[in-house]
1. When you count, for each residue, the other Cβ atoms within 10 Å and take the mean per peptide, how do 18-24, 172-178, 65-71 rank with the highest first?
2. If amide H atoms are built 1.01 Å from N in the plane of the peptide, which residues on other chains or at least 5 residues away come under 5 Å of the amide H of Leu183?
3. Cross-link list Lys64/Lys133; Lys12/Lys36; Lys31/Lys64: which exceed 31 angstrom alpha carbon to alpha carbon?
4. Label Tyr79 and Tyr108 with points 7 Å out from Cα along Cα→Cβ: what is the distance between them in nm?
5. Could the peptides 51-62, 115-126 be put in order, highest first, of the mean number of other beta-carbon atoms found within 10 Å of their residues?
6. Give the Debye-formula value of log10 I(q)/I(0) at each listed q (0.13, 0.16 Å⁻¹), with one equal scatterer per alpha carbon of region 22-122, two decimals each.
7. At 0.36 nm per residue, and after removing the present C-alpha to C-alpha distance, how many nm does the segment from Lys12 to Leu88 gain when stretched out fully?
8. If I stretch the segment between Ile120 and Thr100 completely, what's the gain in nm (0.36 nm per residue apart, minus their alpha carbon distance), one decimal?
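A short reminder: the numbers here are calculations on the coordinates, not readings from a lab. Predicted model only: the values in this text are computed from it and were never measured. Here the Cβ is made from the backbone with ideal geometry for all residues, glycine too, and neighbour counts use every protein chain on show.
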Amino acid sequence: MKCIYNLEGKNKAVVLFKFLAALLITYSHMKVLFPKYDGLVTGGAIGDALFFFCSGFTLFLGRKSNFANWYGRRVNRIYPSIIMWALLSALLFGWAWDVTDLLTTPRYWFIPCIMVYYAIFYVIREFLAEHLKAVFYVSLALITVASFFILDMSSSVMYAQVSFMRVYYFIFMLMGAITAVDLKKEQKERVFGFLQKGCEGGDFKTYGLVCSLACVVLCVHGGI
C-alpha cells in the first residue's frame with residue numbers, strides 16, 4: 001500500500017483533512033438552505049477542530065526561524081485573504097467592517113484564536129518540544145478541570161456559546177503536533193503509539209493519522 005505521507009513534500013492526508021474541515025464549516029453555515037431542518041446543519045465544531053489539528057501537525061514539521069520571520073509568514077498567509085474578503089464584501093454586499101472585526105472581536109473568533117495559538121506554539125516548539133507529552137497531559141488536565149467549573153456539562157461544550165470553549169481547540173493543535181513528532185519516532189517512543197500497533201512498514205503512518213483524526217471527531221462529538 002502506497003503511503004499517503006511524504007514528509008519532504010506535500011502531505012496528502014492533511015490536504016484531505018483541510019478539505020473536510022472546510023466542507024463541514026461551510027455546511028454548518030447553510031441553515032438558510034434547510035429552514036425546516038436546521039438541526040441537520042451541523043459539524044462546524046468538528047471542522048474547526050480538524051483545522052486546528054492540521055495546524056498543529058504542520059507547525060511541528062515546518063522549518064525553524066526566529067519568531068518575527070516565523071510569525072510573519074503566518075500573518076502573510078492568513079490576513080491578505082481576510083482583508084480582501086472584507087473589502088469585497090463591503091463593496092458588493094454593503095457589509096460594515098471594523099478593524100476589530102479582523103483582529104480581536106468575538107464576532108469572528110477563529111482567526112484571532114489561531115493567531116494567539118501560533119504564538120504559544122512557537123514557544124512550545126522552541127523550548128518545550130522535548131516535553132510535548134507533558135505539555136499535552138498538563139494542558140488536558142487543566143482544561144478538563146476548569147470545564148467543570150465554567151461550562152454547563154449537560155450539553156456539548158464544543159457548541160457552547162461561551163469564549164472558554166475555544167481553549168479546547170488548543171488540545172487539538174497539540175494532538176496534531178504530537179502526531180507529527182510521532183512520525184519521526186520509534187513505535188515504543190510514540191505518545192499515541194498504542195493507536196498504531198499492528199501496522200508495519202509505511203502503513204503505520206497512514207493508520208496513525210487516521211486514528212488521530214478519529215480521536216478528534218470523537219472528542220468533539222462527545223464534548224471531550
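1. Details: 18-24: 16.3, 172-178: 25.4, 65-71: 12.1.
Descending packing order for the listed peptides: 172-178, 18-24, 65-71.
2. none
3. Lys12/Lys36; Lys31/Lys64
4. 1.3
5. Numbers: 51-62: 21.8, 115-126: 16.1.
Packing proxy ranking, top to bottom: 51-62, 115-126.
6. Reported log10 I(q)/I(0), two decimals: -0.61, -0.88.
7. 24.2 nm
8. Full extension of this stretch gives 5.1 nm more.
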